[in-house]
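Here is the structure we will look at, set down as structure tokens.
Each reported figure results from applying straightforward, stated rules to the coordinates on display, with no laboratory input. What you see is a predicted model, and the numbers here were worked out from it, not measured in a lab. All Cβ positions, glycine included, derive from the backbone under ideal geometry; neighbour counts span all protein chains shown.
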Amino acid sequence: MLVQITRENRKNFTGIVPETLLVFLGDDENYYGIGIVPDPSSLPVAALVFYLDIETDDEGEEHKVCDIKWLFVSEEVREIGAATFMFSECMKLIEGSGIEAVRTYVPMDTEYNLLCNVLEGFGFEFDLTEHFELIETLQTIRGSEVLKKRLANKDIVPLSAVPARLFSQGLVEIAEKVDMSDFVLPLYPEAYDMDVSMLYVPDKIPRGFLLVRAYESKVLEIVYLKCDDSNASNIIFELITAAIDACAQKYDDNTTIRATVRTGTAGQLISRILPEARNQVLRRGYFVL
């Protein structure tokens, strides 16, 4: 039977939906999750999470897009069309909603080939894109020689010191100028750890952000945004090092830091500071309704 993932039942999906997505279901109206359970008393065996987004093209026209964030089917139900069924249900949910396209990003790992085959059956076309990914403990990151040589920047302050109105306004302005099409960016301060997240505030006008979200499983997700500034590389460097320093003062060494950057320039910068960051090739899928 098909069920909606809500705040009340989302803990049942722990293990088959990443916690970085699970925390939004039931709390963010743009996130939707559906799952399959054999019967009302059984644990779920499959899940699909998608996000409804609005993006603006080069002509200033707005378009509604559905981002497939996660699709998982347990092995015991992979041979009976569960993935196809769930995606079909997703299509029914967005019918008549004005959604113009559906997209997703899939790792190149062979275990995801079956997923790509399912999506191609619905008309998805795939190309390749790259990003840099870091998943490491705070203890390892603190050992970076580059971080040890950091000089403090007086313009970097905790987000808690910035008025909520300026915070949201700054995020909106940067999001409009930067391609964040593959990422969901909450615009409200409550979504972030206000003591650890840092931002660059020249003349009290937010120009660049490094945002941190904390999860119950001792994971910190660091979100990097390209700065709207000619000196962006230096700003990003200061943001990264200041945020890591702040994390080190608040969280224990076993805390996992998760970070993803989506441009080659930012990737090179991250790999200079944190050599453990690795380049990952993704298949980018797109389907026009």
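Summarising the strand pairing of region 2-123, around 75 percent of its internal DSSP beta bridges are antiparallel.
The local environment of residue 113, defined by Cβ-Cβ distances under 14 Å, has a net charge of -1 under the rule Lys, Arg +1 and Asp, Glu -1.
Over all other residues within a Cβ to Cβ distance under 11 Å of residue 213, the charged ones net out to -3, with Lys and Arg as +1 and Asp and Glu as -1. Express in whole angstrom the spacing between the alpha-carbon centres of region 103-123 and region 1-53. Taking the Cα centre of region 1-53 as reference, the centre of region 103-123 is 20 Å away.
Using the Cβ-Cβ distance between residue 161 and residue 56 with R0 = 30 Å, the FRET efficiency computed as 1/(1 + (r/R0)^6) comes to roughly 0.45. Restriction of the trypsin sites (Lys or Arg not before Pro) in region 100-149 to DSSP coil positions whose beta-carbon has at most 16 other beta-carbons within 10 angstrom yields 149. Computed extension gain for residue 114 through residue 173, at 0.36 nm per residue and net of the alpha carbon distance, reaches 17.4 nm. What the Cα atoms of region 56-146 give is an Rg and a Dmax of 17.9, 54 Å.
Within region 1-35, the trypsin sites (Lys or Arg not before Pro) that combine a DSSP coil assignment with at most 14 other C-beta atoms in a 10 angstrom radius are 7. Computed on region 2-123, the Cα convex hull volume stands at 126 Å³ per residue. Taking label points 7 Å from Cα along the Cα-to-Cβ direction, residue 218 and residue 279 give a separation of 3.4 nm.
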